[in-house]
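The values are calculated or read from the model by the stated rules, or taken from the named source; none is laboratory data. On a predicted model such as this, the values are computed, not experimentally measured, just so you know. With ideal geometry, Cβ positions are generated from the backbone for all residues, glycine too; neighbour counts draw on all protein chains shown.
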Amino acid sequence: MFCLVYKSIASEAFGKAQIQDMLEKARAFNRSNNITGCLLYYKGEFLQYLEGNQVKVLALFDRIQRDDRHHDIELISHGQIEHREFKKWDMAYEDFFGDNDTLQFLKLLVSSFLEPAEKTLDPNPTSKYFWKTAKRLLSAKTTSGLRL
């Protein structure tokens, strides 16, 4: 199993409606290619985690890099993993458009990922902790009846 994390900046014309359209298409594509993951949106920037077959995930990342709906795409980490973190989601999603007390901790973690830092190409303990925390918080939202 392979995972990849990248961040990017949304194009100016990329709002909630465009994100929803993109999510519908991404979920269908991911489902047909056995790719799972999580997309976070915060202050005009995306942070995405993808997992699945290495060839398929890297092919998807190539497509993502050519997508004009965002720019300044930066690979944060990638590498082999033992199991999926988001096996129940073709693409979990969270935007941070409004205040949400339940997700304040995750919001702080997202902001630290979006600040300039040295790149790491192998998943590190902090990255693994971040995505496990994201999965737990998003799972809690799902079980409490909130949207994803």
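Just one of Glu94, Glu82, Glu74 is modelled with pLDDT under 95, assigned to a strand (DSSP E or B), over 12 Å from the mean Cα position of the chain (by Cα) and on the phi < 0 side of the Ramachandran plot; which is it? None of the other options fit; the residue is Glu74.
Being assigned to a helix (DSSP H, G or I) and of a type outside the set (D, E, K, R) is the filter; apply it to the stretch 9-23 and report the residue that is nearest to Arg84 (Cα to Cα). Spell out the reasoning first.
Initial filter on the stretch 9-23 (assigned to a helix (DSSP H, G or I)): 16-23.
Cutting the leftovers down to of a type outside the set (D, E, K, R) gives us 17-20, 22-23.
Working: Ala17: 29, Gln18: 27, Ile19: 24, Gln20: 24, Met22: 22, Leu23: 20 Å.
Among residues in the stretch 9-23 that are assigned to a helix (DSSP H, G or I) and of a type outside the set (D, E, K, R), the one nearest to Arg84 (Cα to Cα) is Leu23.
Identify, please: which residue in the stretch 23-39 is in contact with a Lys or Arg (Cβ under 8 Å, 6 or more places away or on another chain) and buried (at least 19 other Cβ atoms within 10 Å of the Cβ) and is, among those, nearest to Phe61 (Cα to Cα)? Ranking the candidates gives Ile35 first. Scanning the stretch 24-53 for residues being modelled with pLDDT under 90 and either assigned to a helix (DSSP H, G or I) or farther than 16 Å from His78 by Cα (or both) gives a total of 7. Exactly one of (1) closer than 20 Å to Ala92 by Cβ; (2) surrounded by fewer than 16 Cβ atoms within 10 Å (Cβ to Cβ) is unmet by Ser11. Its number? Every condition holds for Ser11 apart from (1).
The single condition among (1) touching a residue at least 60 places away in the same chain (Cβ under 8 Å); (2) basic (Lys, Arg); (3) farther than 16 Å from Glu94 by Cβ that Arg69 does not satisfy is (1).
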